[in-house]
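**Student:** I am attaching a structure below and will ask some questions about it afterwards.
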Amino acid sequence: MVRLLLVEDDESLRLPLKMDLEKAGYAVDEAGSGDEAEYLGNEGLYDLIILDLGLPVKPGLDVLRAWRQKDNTVPVVILTARDDWNQRVLGFKAGADDYVGKPFHVEELLARVRAVIHRSIKQSTGELCVGGLTLDEQNQSVRITDGQKYELTSTEFRLLRYLMLNPGRLLSKSQLMEHVYDFDSDKDSNVIEVYINRLRRKLGKTLIKTYRGQGYVFGERR
Ligand code: CA
């Protein structure tokens, strides 16, 4: 399970955000001050850290610099005021991987968190391993745990990759469409069903479940 550290001193923001992140399938620990964040972030427990910059005891930028000075490369998404470009630049210089401007919609934060995690998985192995499958990004192929390997078309690949990045989440056809096709695509969302069935023929019937009228779930629903 992907484990996140959520660093935010404002409880009225932190608590609902923690619930949203947990709903999205992440395990979430919290920190409310800079010194606590710095300590926890160096424990090596986290796949990603969401870091507010305005923090008591030690500012977020100093916390981030302290991690990077220790060669701690944990992916970090910073939270900054939306119009404060200066903080954003300083954040990137200090080694942030991405930022989200406050106020933000939780879906935006989730999308950025997923993208950063995906990038870091790719950098470390070039492969994505979820639910007994290993997706090879270079060769657009997938291997089942027992060793059987299948080539994928580019549409099958993009669809399976999105499913594997969101295990246990209910994904609607239109959500899948957005991640499989370009934005301007005029394709009917029923094509998703066609591609889901193709993946099932290759990977087995049980891996992707249909929730009638709602969408699809890869693996066990959370
Ligand atoms: Ca704050």
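**Student:** Multiplying the sequence separation of ASP62 and SER141 by 0.36 nm and subtracting their Cα-Cα distance, what value in nm do you get?
**Tutor:** Gain in length upon complete extension: 24.2 nm.
**Student:** With the chain treated as a Gaussian network of Cα nodes joined by springs under 10 Å, which of ASP146, ASP97, ASP47 yields the largest mean-square fluctuation?
**Tutor:** Judging by the Gaussian network model, the answer is ASP146.
**Student:** For the chain, what proportion of DSSP beta bridges, expressed in % and rounded to the nearest 5, is antiparallel?
**Tutor:** The answer is about 50 percent antiparallel.
**Student:** Turning to a different aspect of this structure: Test of understanding: what is the full-extension gain from LYS93 to ARG198, defined as 0.36 nm times their sequence separation minus their Cα-Cα distance?
**Tutor:** 33.3 nm
**Student:** Below 8 Å between Cα atoms, with a sequence gap of 6+, how large is the relative contact order for region 84-222 in percent?
**Tutor:** 18
**Student:** Tally Lys and Arg at +1 and Asp and Glu at -1 over the other residues with C-beta under 10 Å from the C-beta of PHE157: what net charge comes out?
**Tutor:** Charge balance in the 10 Å sphere: -2.
**Student:** Averaged across orientations, what area in nm² does the convex hull of the alpha carbons in the chain project?
**Tutor:** Result: 13.3 nm².
**Student:** A further question on this structure: Just name one of LEU110, VAL180, ILE49: the one whose Cα is farthest towards the positive end of the charge dipole of the chain (beta-carbon charges, Lys/Arg +1, Asp/Glu -1).
**Tutor:** VAL180
**Student:** Given the options ARG114, ARG212, ARG161, state which has the largest fluctuation in a GNM of the chain using a 10 Å cut-off (strictly under) for Cα springs.
**Tutor:** Result: ARG212 has the largest fluctuation of those listed.
**Student:** Restricting everything to alpha-carbon atoms, can you work out Rg to Rh for region 7-115 with a Kirkwood hydrodynamic radius?
**Tutor:** In region 7-115, Rg relative to Rh is 0.92.
**Student:** Go ahead and collect, in residue order, the members of region 105-119 whose backbone nitrogen is under 16 Å from a label point 7 Å along the Cα-Cβ direction of MET19.
**Tutor:** 106-107
**Student:** Run through region 1-50 and list the GluC sites (Glu not before Pro) located in a DSSP loop whose Cβ has at most 16 other Cβ atoms within 10 Å.
**Tutor:** When the GluC sites (Glu not before Pro) of region 1-50 are filtered for loop state and at most 16 Cβ neighbours within 10 Å, GLU43 remain.
**Student:** Add +1 for every Lys or Arg and -1 for every Asp or Glu among the other residues with Cβ under 9 Å from the Cβ of VAL7, and state the total.
**Tutor:** That works out to -4.
**Student:** Running a GNM on the chain with Cα contacts under 10 Å, which residue among ILE144, ILE208, ILE50 ends up with the highest mean-square fluctuation?
**Tutor:** It is ILE144.
Where a number appears in this text, it was derived from the coordinates with a stated rule and is not lab data. The structure presented is a predicted model; accordingly, all values stated were derived computationally and were not measured. A quick note on method: Cβ atoms are made from the backbone with ideal geometry, for glycine too, and the neighbour counts reach across all protein chains shown.
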